[in-house]
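The values are calculated or read from the model by the stated rules, or taken from the named source; none is laboratory data. Everything numeric here is computed off the predicted structure, so don't read it as measured data. Surface accessibility is based on the protein's heavy atoms, side chains included, excluding ligands, DNA and RNA. Shrake-Rupley method; radii C 1.70, N 1.55, O 1.52, S 1.80 Å.
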Amino acid sequence: MSEPILLFNKGGRTPMLNGEGTTHNYFVIPTPQSNWNLEQKEHPAQWPELLPRCILSRTPGDVVLDPFMGSGTTGVAALRLGRNFIGFERDPKYHAIAMKRLRAAREQLELCA
């Protein structure tokens, strides 16, 4: 299975660095359904946090926009990487879950500061 992800940025193209000075456009991460405790999964299409963390840690910028926030996984990864986050979710159930996860991530960061 694969998940297409679109990345947009203002200005010229910036390569996605892999930490070794080279670039690539894919990540191999086990799917959540095969290795995830079902009690932690709060959205039917929830990604493992590792996926947005890998992408965001290799892309420049300050603000991360997620127009389909779901349970907030991208926002949690952005906060943990010190990035600003803007997210939208129209389903009240998933919006509440995302807000709970984002508050918990922010509180955890404040405790560590």
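Going through the stretch 78-100 one residue at a time, which ones are more than 16 Å from Glu42 (Cα to Cα) and among the small types (Gly, Ala, Ser)? Listed by number, the residues that qualify are Ala78, Gly82, Gly87. Screening the stretch 79-112 for residues that are among the charged types (D, E, K, R) and open to solvent by less than 100 Å² (accessible area, probe 1.4 Å) and picking the one that is nearest to Pro52 (Cα to Cα) gives Arg83. In the stretch 72-113, how many are over 23 Å from Lys10 (Cα atoms), at pLDDT 90 or above and not in a helix (DSSP H, G or I)? Qualifying residue count for the region: 4.
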